[in-house]
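Working notes, structure below.
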Amino acid sequence: MDSLESIGRELRDLRGDFIGVKRAMGRGRRDEASPRDLAQALICQAACALFHFQKRRELLERFAQKAATSPAMTSIPTWAAELVGSSTLNFILSLSSGIRAFPSIMAKSHVVPLTEANSRLISLAGGASASFTGEGQPIRVIGGTLTAATLLPRYVKAISSYSEELADRSEPEIESVLRQTLSNAIGAAIEVQFFSASAGSAEAPAGILAGKSAIAPGDSFPEDVRNLMSAVDPPASPIFAMSPARKASAAASGSLLGFGDYEVTASSEIPDDRLILINGDGLAIGVGGQPRFTPGEYGTIHEEDTTPLPLATGAQGSAVVATPIRSLWQTDNLGLRSVLPVTWGIQPTAVAYVDDVAW
């Protein structure tokens, strides 16, 4: 009887071990299938900066482990091989959404590492010829040509403020708030500048529509697409971009049926009546490796998210003071300055757009 009970206990133990192994294998499969959190490294680096400033050793160590960048990312094409450990690149890719087109466009462009001190001269296109040649016949000799672009270091910067009470909380509150505030601010800043017609400056790269004029609209979506493809030379890697509302309308009307061979993205920074075509082969995007985060608690800031101004200007006694302003120390807040190196350059013939679309 005792031996039967012993055998029964052993069988139950083995069954428990089997169930445990099965569950563990199931979790492993789910982990492999789940998408990688590309933003986590940068968000945790920002949290580390705050906790280091507060001398919160336990929280710093916890977030430092989560901030480690992955040594390899199979979801990133080989063009980004030099940047697989870049938390800046991963974070920008994570911004892809129904209202953010820049990450999808970046995935089809030339992405290069960008150093902080030096510009980067790269080739965007080349030209040469070849021909079929008979045995013993002279082979054609053609001089190749290259079109180059210079990427100058430029930076997306943001200042965000957080209450000391929020910073005292560990997870998930601080991580969630950092993710939301940084993603919204940086994502919007990149989209606004990228799809603009603004000339380049010492602060920002030129918008891709700088110096461009809209081509005449056609009577239908297919006609506009055909005209844009003719205007971009050569359309080797075409990417179409429009507003989210326009994309939804085109999909609902069936205009995008059979259009699967071409990338169609949407950005909230594109007007509803505009369609843009970008040749990814003629676009280069420079991305720095790691961002910079600088916390502080004694500064005074102008709380303006569009056109921030100096705190005070003008002669003594008649100064103009920016409003609203906040003293971080007086209001028991922490400030976090974020700096991400991002820039781009595009061939003049690699982009075209049409306004006042009729579909």
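The values are calculated or read from the model by the stated rules, or taken from the named source; none is laboratory data. This is a predicted model, so every value here is computed, not measured. Here the Cβ positions follow ideal geometry from the backbone for every residue, glycine too, while neighbour counts run over all protein chains shown.
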Ser243 fails exactly one of (1) buried (at least 17 other Cβ atoms within 10 Å of the Cβ); (2) without any contact (Cβ under 8 Å) to a residue 60 or more places away in the chain; (3) touching a Gly at 6+ places or on another chain (Cβ under 9 Å); (4) not β-branched (Val, Ile, Thr), namely (3)
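Of all residues being β-branched (Val, Ile, Thr) and under 9 Å from Ile239 (Cβ atoms) in segment 262-286, which is farthest from the chain's Cα centre (by Cα)? Just the residue, please.
Once the filter is applied, the top-ranked residue is Ile276.
Step by step: first the residues of segment 272-286, then only those that are buried (at least 18 other Cβ atoms within 10 Å of the Cβ) and not aliphatic (A, V, I, L, M), then the one that is modelled with the highest pLDDT. Which residue is that?
Arg274
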For segment 312-351, which positions are under 30 Å from Asp224 (Cβ atoms), in contact with a helix residue (DSSP H, G or I) (Cβ under 8 Å, 6 or more places away or on another chain) and not aliphatic (A, V, I, L, M)? Trp344, Gln347, Thr349
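Looking only at segment 298-324, count every residue that is within 30 Å of the chain's Cα centre (by Cα) and either among the aliphatic types (A, V, I, L, M) or modelled with pLDDT of 85 or more (or both) and tell me the total. Lay out the reasoning, then the answer.
Restricting attention to segment 298-324, the residues satisfying the condition of being within 30 Å of the chain's Cα centre (by Cα) are 299-310.
In the following step, the residues that additionally are either among the aliphatic types (A, V, I, L, M) or modelled with pLDDT of 85 or more (or both) were identified as 301, 309.
Matching residues across segment 298-324 total 2.
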The condition of being of a type outside the set (Asp, Glu) and either closer than 30 Å to Cys48 by Cβ or over 19 Å from the mean Cα position of the chain (by Cα) (or both) holds, among Ala202, Ala241, Ala206, only for Ala202
Quick check on segment 336-349. Is at least one of its residues surrounded by 12 or more Cβ atoms within 10 Å (Cβ to Cβ), assigned to a loop (DSSP other than H, G, I, E, B) and touching an Asp or Glu at 6+ places or on another chain (Cβ under 7 Å)? no
Those residues of segment 325-355 that are under 28 Å from Gly187 (Cβ atoms) and over 27 Å from the mean Cα position of the chain (by Cα) come to a total of 5
First in segment 97-109 and among the hydrophobic types (A, V, I, L, M, F, W, C), second anywhere and part of a loop (DSSP other than H, G, I, E, B), Cβ under 6 Å, 6 or more apart: Ile99/Ser268; Ala101/Ser267
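For (1) surrounded by 15 or more Cβ atoms within 10 Å (Cβ to Cβ); (2) outside any loop (DSSP other than H, G, I, E, B); (3) in contact with a Lys or Arg (Cβ under 6 Å, 6 or more places away or on another chain); (4) not aliphatic (A, V, I, L, M), each residue gets a yes or a no:
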position: Ile270; (1), (2), (3), (4): yes, no, no, no
position: Gly289; (1), (2), (3), (4): yes, no, no, yes
position: Phe293; (1), (2), (3), (4): yes, yes, no, yes
position: Thr306; (1), (2), (3), (4): no, no, no, yes
position: Pro310; (1), (2), (3), (4): no, no, no, yes
position: Thr323; (1), (2), (3), (4): no, no, no, yes
position: Thr331; (1), (2), (3), (4): no, no, no, yes
position: Val357; (1), (2), (3), (4): yes, no, no, no
Which of the helices (runs of 4 or more DSSP H) contained wholly in segment 23-141 include at least 3 residues that are hydrophobic (A, V, I, L, M, F, W, C) and modelled with pLDDT of 80 or more? 40-54, 87-94, 102-106
Considering residues that are farther than 19 Å from Leu283 by Cα and assigned to a loop (DSSP other than H, G, I, E, B), the number found within segment 215-246 is 6
